[in-house]
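The structure appears below as structure tokens.
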Amino acid sequence: MGDIDNRGGRLTAPVARAEQVHRYFRTPDGTLEVLKGIELTVDSGRMVAIVGASGVGKSTLLHVLGGLDPPTKGRVFWGGISPYELDDETRARNRNRMVGFVFQFHHLLPEFTALENVALPLIIGGLDMKVALDRARTVLDEVGLAQRGSHRPGEMSGGEQQRAAVARALVTEAPLVIADEPSGNLDRRTAEQLHELLCYAVREKGRALVVATHNPDLASRADSVLAMRDGLIQAVAMERWEPGWTGRGADFS
């Protein structure tokens, strides 16, 4: 199996798929089963929100889906390729092309400017430095940071840092964007601006977005909301999703 051709950010097959994914962890008290047979399909131009109480495995699911952590059992697919059947180098190369990540904490490199941080995935992917910086400059403009490209993360606000992190996730035109509590560290107004950016990536850029969130506003924007509990996920009817909805007695706040 070789590299994935993401065809300019869109795939004809589902962008990502999890089939009977289990993830176990060894602890001093025995085996902890965090994921218990997850089934999930994500298509281009669709946003899937994963909600649930802290500690139910949302981040673990995102890490498995994004190629960061192999499942104990089951299979993950990007397009028609299973990344965990690739060698480490090939999987990393495909992950760079296929998946953009946005985390709760931006993880920008403090010694680099915003422009350099955004260009980094392209440079790692082998793109010419000038071309990578030009592309990063364009994406920074798209997220409203055209004037902040020469600033380092420590010279930017929290909201600006997260915008730069979104730009970094979009710059490779990866078909799949994975976001783990992307607005969890932001005030309400800044969070709303970030939500608009993520929706822009889905609606205008055709990305597939899987986002774990406690924020009801962000969840309400999704095409589907999946509640996670006891290592499994269940669909939530959109008309039932509202702040404070607990889902058969479980606390997803």
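Within segment 1-110, which strands (runs of 3 or more DSSP E) (wholly inside it) include 2 or more residues that are at pLDDT below 90?
The qualifying strands (runs of 3 or more DSSP E) are 16-27, 30-42, 99-103.
I'm trying to understand the selection: among the residues of segment 45-95, which are more than 25 Å from residue 120 (Cβ to Cβ) and of a type in the set (Gly, Ala, Ser)? It would help to see each step written out before you state the result.
If we filter segment 45-95 for residues that are more than 25 Å from residue 120 (Cβ to Cβ), which is where we start, we get 45-58, 60-61, 71-75, 77, 80, 82, 85.
Those that are more than 25 Å from residue 120 (Cβ to Cβ) and of a type in the set (Gly, Ala, Ser): 45, 49, 52, 53, 54, 55, 57, 74, 80, 82.
Going through segment 203-222 one residue at a time, which ones are crowded, with 21+ Cβ neighbours inside 10 Å, in contact (Cβ under 8 Å) with a residue 60 or more places away in the chain, over 24 Å from residue 133 (Cβ atoms) and not small (Gly, Ala, Ser)?
209, 210, 211, 213, 218
Could you count how many residues in segment 139-154 are surrounded by 13 or more Cβ atoms within 10 Å (Cβ to Cβ) and either farther than 23 Å from residue 202 by Cβ or not hydrophobic (A, V, I, L, M, F, W, C) (or both)?
Looking only at that region, the number is 8.
The values are calculated or read from the model by the stated rules, or taken from the named source; none is laboratory data. What you are looking at is a predicted structure, and each value in this text was computed from that prediction instead of being measured. Cβ coordinates were reconstructed from backbone atoms using ideal geometry, including for glycine residues, and neighbour counts include every protein chain displayed.
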